[in-house]
Amino acid sequence: MNNGKLELHPNRLFPADSKIRPIARELYKEIAKLPIISPHGHTDPKWWATDANFGNASELLLKPDHYVLRMLYSQGVPLESLGVGNSEIDPRAAWRQFAEHYYLFRGTPSRMWLDWVFAEVFAMEVRLSSETSDMYFDKITECLARPEFRPRALFERFSIEVITTTEDPLDPLQHHHTIRESGWPGRVITAYRPDSVIDPEFEGFHENLNKFSEITKEDCFSWKNYLAAHRKRRAFFASMGATSTDHGHPTALTADLAPTEAEALFAKVTRGSFTQAEAELFRAQMLTEMAAMSLDDGLVMQLHPGSFRNHNAKLFDKFGRDNGADIPMGTDYVNALKPLLDRFGNETALTLILFTLDESTYSRELAPLAGHYPCLRLGPAWWFHDSPEGMLRFREMTTETAGFYNTVGFNDDTRAFLSIPARHDVARRIDCGFLARMVAEHRLEDWEAAVLAKDLAYNLAKKAYKL
Amino acid sequence: MNNGKLELHPNRLFPADSKIRPIARELYKEIAKLPIISPHGHTDPKWWATDANFGNASELLLKPDHYVLRMLYSQGVPLESLGVGNSEIDPRAAWRQFAEHYYLFRGTPSRMWLDWVFAEVFAMEVRLSSETSDMYFDKITECLARPEFRPRALFERFSIEVITTTEDPLDPLQHHHTIRESGWPGRVITAYRPDSVIDPEFEGFHENLNKFSEITKEDCFSWKNYLAAHRKRRAFFASMGATSTDHGHPTALTADLAPTEAEALFAKVTRGSFTQAEAELFRAQMLTEMAAMSLDDGLVMQLHPGSFRNHNAKLFDKFGRDNGADIPMGTDYVNALKPLLDRFGNETALTLILFTLDESTYSRELAPLAGHYPCLRLGPAWWFHDSPEGMLRFREMTTETAGFYNTVGFNDDTRAFLSIPARHDVARRIDCGFLARMVAEHRLEDWEAAVLAKDLAYNLAKKAYKL
Amino acid sequence: MNNGKLELHPNRLFPADSKIRPIARELYKEIAKLPIISPHGHTDPKWWATDANFGNASELLLKPDHYVLRMLYSQGVPLESLGVGNSEIDPRAAWRQFAEHYYLFRGTPSRMWLDWVFAEVFAMEVRLSSETSDMYFDKITECLARPEFRPRALFERFSIEVITTTEDPLDPLQHHHTIRESGWPGRVITAYRPDSVIDPEFEGFHENLNKFSEITKEDCFSWKNYLAAHRKRRAFFASMGATSTDHGHPTALTADLAPTEAEALFAKVTRGSFTQAEAELFRAQMLTEMAAMSLDDGLVMQLHPGSFRNHNAKLFDKFGRDNGADIPMGTDYVNALKPLLDRFGNETALTLILFTLDESTYSRELAPLAGHYPCLRLGPAWWFHDSPEGMLRFREMTTETAGFYNTVGFNDDTRAFLSIPARHDVARRIDCGFLARMVAEHRLEDWEAAVLAKDLAYNLAKKAYKL
């Protein structure tokens, strides 16, 4: 029965098989301590700029974690009771709600990440439950008040070699500036995420263009100057360390319109009188424009398509974006990417990293595309698929067609800073298990698996993202 | 070589791995004998109402089993030779056809279910084959004549705590009434399956509405009264034990029309002059109407979309519905369910259980939806996917996003009464194997797996279906 | 570390599990040496007609292998540097490019096939790498000059019982004729692949019809005579050993138009003024026409849909067809095949073998269709999915619904002659591993698995293709 002890088993996530597990353990041993390359994510640069203490357990670990919120909500826990959109909730009471429902996370990656944080960061020795809820809340909150739990100290403790945040072109990058000026040696860089000034359906698009004009001193309602503004702003982001751009579109559609057509379309979307199809076409055109700019300035492109954002209308009205109601959709790449690939697909100087939420495209579209076009690489298993089974499926369904070298290592893609090492650790363990199976089945030599383990954990991300 | 012995191995279906199998066996030991909760299926209530002996082997085990018919037919065995639509066939000759082709079922769940029935129910010790065909036919037919093989006796022998049948609103539920009056304590309840009076493309839709009017004493050609008739009839079904409704639609489309639009659409479909798209829209609207009624009367909704019914036109003309020619189609949920979810998605008092025949939706759509919306739960692997590999894929592709607690345990979904314990046993074994792997990989504690094994085998179905 | 030795482990590709592996090895032992039935592929009959020596390593193993070309190209290696469209490249230099990048193939089937060729055919004992590149090139080129490496000698050494090539109706089948006349007993037969005279969008379609008229002495611009020409040409192919036809269409669409409609459509496409949709409809109609002819002449039909051919426009302009830029697309079968199945689905005398590049259709569409319609069979995992993981997924996702006996054994589908035994060996090992797992999990008896192993490796292909 439940003794309630919390222990992270050294063999966790390795296949149980007695031939495979020892190989996995050996492979893992050599890479477990490699520094973390985090080339894509959503941490807040303010943390390292100000190096202020984090607040309490709920504020840090519960409220910003949409994986956790969605599961609790799915089982009837009101978001307000967790402190979302409700500053009157006692954080201790919110934490209790979480603790009481912690059993819901059995079998999920959230549980694995959180247990790692509890055990490794906060030295907990018993599991989170109703009984231990207050103890957890107090101990975590006390820890967070100490200097060794401040953002820079944790950054160093976690062996982070470089971390990339994601900012809007309208962001002044003040925090990044502060970090650079501070003399602190931690490498925190930005990435250019221009959805707010590219997507005509984005909240406040017109106003965003006004601001974009101001910030770039270009008239962003003229097509030519709008493009120039992007070029300027990309250069500014690059000067603050950026090596990549990121694009979160509903689909992977690209377009390659004649300049006059593109200009006419731009006029339409900026006037605000456009159809859904025109908005879609404009986003599509902008992906190709961004690729053209990447060829000039060297920024690596990332495309994250296929999420139906804010699916739950009532929840969106109440709490706004990013509260757990984004749902994947079927996504086409083969037809959608063709216009961009027709123009730039054969460029070895361009890198376009593709992500998906539609696993049926791994073996059908993504691996065949990335296994052919020089500009394409496959991002790791994303979001809902950033999980042990999801990662395994990614390797099983892409490797035989695209190989390992058309993939780019791991992204933690998170704002949950404390779980970053746990996430990389899960990826490293799963990859070592996958490689170990290939060795045990005599499909790879042991020395090759050792090379690959290091490539997947460290080298490929560094190379693909030019870090 | 073939010694032809029939033995059910105690370790069957457990993973072979020497670390995982003992854990699976331990987990299974504790749940193997739990009573059967069968919340969705197609058994005939007449069996328990009359408690008459079943007929012969072919009549009971061959003719009504569309899994068996479809495989035999696919390899050139005429359905007539099996007794379908052909009462002149000697049942013993039909059984011989089956026995001769029994090797076709290697690797299929049908073989596993049937072998269980042969070994456990009829104490067979040799395999079914041409040589043993007559012996099987005779022995089974003899057994069926005995009192301990009558429906109620088997119900008790199988440890069935509750079984749900599925009836049309036009069904008088006479058999259910008889069972209740009989004093026999077996719990056999009905479920409300209104396709025949909701789907304008259903055979005899207009005539069905006439009968619906009669039986409910409402004018079912007026929109308001038609809805009232549903409410009345649902209440009657509930009074006969029903705790759920079931909806078998071609797609998962839902709609939420303004009342006047809905009424106008109803007028069209009842006049019989409607397009396919209007029929689809009406079905879509009715799902939302049913959800509204469920919020009032508490009946749990089940949605079984995505089957192309009667795909084989010639076979349908000859033998009618349900003769093995239903084929799954790609199914969208994310867009299709939005209208219903926009209205009722956040209701914790509603339960809508989703099924699919399109496994690509498990990780892409269903787990993310059920892992967010309070009203949604995932039904188990359905129909073609109610199989060892199918169940494993279901767990592997849904658990990490939806957890275990947004699923509802097992449905046998069958009219093959004798195989019901075998089907639950397969599900229990596969779930225990899945849990055992998670324990062996240190992703779950052993005591948690024990709790989950019982939840998956018994508690979740009871709770989700309010049994 | 890398000792660079090349050894083919006798247990390669068998599951590592200590219970499963010995069973797999036993099963494999009994079938490893069975003759090769190669019922579908793209080898050149000229090889066996002339029995001329193959040229050098690059010419034989590198330039014609589009799996290899696509991977090298995806990582920035120019096709010209490999000798594609560039006869000035020194084949030794091209081979060096390949050798330097051979690490890219880790984890891919190409690596497994090539290592087999290197070790088994050319007795290499060290791995291919920059260091061993010249040694490889020299040794292979020397071998190829010897009589025991000539096509007929290799054919015999490889234990090929029968191999099928694929020819266009316009092909005079001169090489097949020569082989037959030569007295050499090797069985090399053709297959009828009429895409060039069926697909209105095929390069040179109109001119192809001119040639088709000449060769058949029918006026192929009249619908009636066009059909007669096909019948004649199919008969000629059959007289040269053909037992099958093959159809490579963008989709699986079929149609069953009234004769006058079909004739009108034919008039349109032969006039050259047709829409994409009309071209698609004509191909669809022709599948049904081909099925009608198959019912008469007994040729087995194969359908290979779902490839977006020549996706890379620039590469196609430069190097033409078949240079690694074909990409799979999502493919529908359930609706697409209905017209053909409505007409011929219930014919036991017709065999239509279905292939797919869209694995999501295995369990959703293909297994349910093949598990019902008497005319349908499932071809093996195709192209990108002809790989260890791909084959496993095929068995895991089709067997429970379609069984083993609605599948047709293995196709190597290759022009890479030397790798044919390696490809069959991979399939045999994977199937034995799959069967062994079923035995270890007590889902099959050991003697049944032994029967199945032989069926999958040899009997099913022979039977399905009437060889």
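The values are calculated or read from the model by the stated rules, or taken from the named source; none is laboratory data. Remember, predicted model here, so these are calculated numbers, not experimental data. Neighbour counts are summed over all protein chains in view; Cβ atoms, including those assigned to glycine, are modelled from backbone coordinates with ideal geometry.
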Checklist entry - Any idea which of B:LYS232, B:LYS314, B:LYS338 is within 14 Å of chain C (Cβ to nearest Cβ) and out of contact with any Pro (no Cβ under 6 Å at 6 or more places or on another chain)? => result B:LYS314
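Conditions tested, residue by residue: (1) in contact with a Phe, Trp or Tyr (Cβ under 9 Å, 6 or more places away or on another chain); (2) among the small types (Gly, Ala, Ser).
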{"residue": "C:GLN75", "(1), (2)": "yes, no"}
{"residue": "C:ALA93", "(1), (2)": "no, yes"}
{"residue": "C:TYR136", "(1), (2)": "yes, no"}
{"residue": "C:ILE160", "(1), (2)": "no, no"}
Item to check | Failed item in (1) under 14 Å from C:PHE417 (Cα atoms); (2) within 18 Å of the chain's Cα centre (by Cα), with C:ASP51 passing the rest | outcome: (2)
Checklist entry - Here are some conditions: (1) assigned to a helix (DSSP H, G or I); (2) surrounded by fewer than 19 Cβ atoms within 10 Å (Cβ to Cβ). C:HIS176 meets all but one. Which one does it not meet? => result (2)
Checklist outcome for this item: Over the stretch C:442-467, the set of residues within 12 Å of chain B (Cβ to nearest Cβ) and part of a loop (DSSP other than H, G, I, E, B) is C:HIS442, C:ARG443, C:LEU444, C:GLU445
Item to check | Condition met for B:GLU400 (crowded, with 22+ Cβ neighbours inside 10 Å, at the interface with another protein chain (Cβ under 7 Å from one of its Cβ atoms) and either among the β-branched types (Val, Ile, Thr) or over 16 Å from the mean Cα position of the chain (by Cα) (or both)) | outcome: yes
Checklist outcome for this item: Of (1) without any contact (Cβ under 8 Å) to a residue 40 or more places away in the chain; (2) surrounded by 24 or more Cβ atoms within 10 Å (Cβ to Cβ); (3) within 14 Å of chain C (Cβ to nearest Cβ), B:ALA325 satisfies every one except (1)
Checklist outcome for this item: Filtering the stretch A:104-125 for residues that are touching a residue at least 12 places away in the same chain (Cβ under 8 Å) and assigned to a helix (DSSP H, G or I) leaves a count of 14
Checklist entry - Going through the stretch C:259-282 one residue at a time, which ones are part of a loop (DSSP other than H, G, I, E, B) and either crowded, with 16+ Cβ neighbours inside 10 Å or among the β-branched types (Val, Ile, Thr) (or both)? => result C:PHE274, C:THR275
Next on the checklist: Residue under question is A:ARG437, and the condition is that it be modelled with pLDDT of 95 or more, buried (at least 23 other Cβ atoms within 10 Å of the Cβ) and either under 18 Å from A:VAL162 (Cβ atoms) or not assigned by TED's automatic domain parsing to the domain that holds A:PRO39 (or both); does it hold?
Outcome noted: no
Checklist entry - Here are some residues: A:ASP51, A:ASP65. Which one is acidic (Asp, Glu) and either within 14 Å of chain B (Cβ to nearest Cβ) or within 30 Å of B:LEU366 (Cβ to Cβ) (or both)? => result A:ASP65
Item to check | Residues that are on the phi < 0 side of the Ramachandran plot and among the acidic types (Asp, Glu), drawn from the stretch B:413-430 | outcome: B:ASP425
Next on the checklist: Can you tell me how many residues within the stretch B:343-395 are within 11 Å of chain C (Cβ to nearest Cβ) and either of a type in the set (D, E, K, R) or under 23 Å from B:TYR192 (Cβ atoms) (or both)?
Outcome noted: 9
Next on the checklist: Among the residues of the stretch C:283-303, are any under 24 Å from the mean Cα position of the chain (by Cα), closer than 30 Å to A:SER360 by Cβ, basic (Lys, Arg) and assigned to a helix (DSSP H, G or I)?
Outcome noted: yes
Checklist entry - Just wondering, is there one or more residues in the stretch A:25-38 that are closer than 13 Å to A:ARG415 by Cβ, surrounded by fewer than 21 Cβ atoms within 10 Å (Cβ to Cβ) and at pLDDT 95 or above? => result no
Checklist outcome for this item: Note on the stretch A:25-39: residues of a type outside the set (A, V, I, L, M, F, W, C) and outside any loop (DSSP other than H, G, I, E, B) are A:ARG25, A:GLU26, A:TYR28, A:LYS29, A:GLU30, A:SER38
Checklist entry - Would a scan of the stretch A:232-246 turn up a residue that is modelled with pLDDT of 95 or more, buried (at least 21 other Cβ atoms within 10 Å of the Cβ), more than 16 Å from A:LEU341 (Cβ to Cβ) and among the small types (Gly, Ala, Ser)? => result yes
Checklist outcome for this item: Counting only residues in the stretch C:196-231 that are buried (at least 19 other Cβ atoms within 10 Å of the Cβ) and acidic (Asp, Glu), the one farthest from C:THR251 (Cα to Cα) is identified as C:GLU218
Checklist entry - Which condition number does A:VAL68 fail, the rest of (1) surrounded by 18 or more Cβ atoms within 10 Å (Cβ to Cβ); (2) assigned to a loop (DSSP other than H, G, I, E, B) being met? => result (2)
Item to check | Positions within the stretch B:79-96 being touching a Leu at 6+ places or on another chain (Cβ under 9 Å) and either within 11 Å of another protein chain (Cβ to nearest Cβ) or exposed (fewer than 15 other Cβ atoms within 10 Å of the Cβ) (or both), in sequence order | outcome: B:LEU79, B:GLY85, B:ASN86
Checklist entry - Between residues in the stretch B:334-354 that are within 14 Å of B:SER294 (Cβ to Cβ) and free of Cβ contacts under 8 Å to residues at least 40 places away in the same chain and residues that are of a type in the set (Lys, Arg) and not in a strand (DSSP E or B), which pairs lie under 9 Å by C-beta distance while being six or more apart or on different chains? => result B:GLY345/A:LYS314; B:GLY345/B:LYS338
Item to check | Residues being modelled with pLDDT under 95 and either assigned to a helix (DSSP H, G or I) or of a type in the set (Phe, Trp, Tyr) (or both) - total across the stretch A:203-229 | outcome: 0
Checklist entry - Looking at (1) within 14 Å of chain C (Cβ to nearest Cβ); (2) within 25 Å of A:GLU261 (Cβ to Cβ); (3) in contact with a Lys or Arg (Cβ under 8 Å, 6 or more places away or on another chain), which is the one condition that is false for A:MET293? => result (1)
Checklist outcome for this item: Apart from one, (1) buried (at least 21 other Cβ atoms within 10 Å of the Cβ); (2) more than 29 Å from A:PRO374 (Cα to Cα); (3) among the hydroxyl-bearing types (Ser, Thr, Tyr) all hold for A:THR254; the odd one out is (2)
Checklist outcome for this item: Reported set for the stretch C:51-62 where residues are without any contact (Cβ under 8 Å) to a residue 60 or more places away in the chain and surrounded by fewer than 20 Cβ atoms within 10 Å (Cβ to Cβ) is C:GLU59
Next on the checklist: Just to be sure I understand the filter: pairs with C-beta atoms under 6 Å, separated by 6 or more residues or on different chains, first member in the stretch C:126-150 and over 16 Å from C:LEU62 (Cα atoms), second member among the polar types (S, T, N, Q). Which pairs pass?
Outcome noted: C:VAL126/C:THR132; C:ALA145/C:ASN53; C:ARG150/C:ASN53
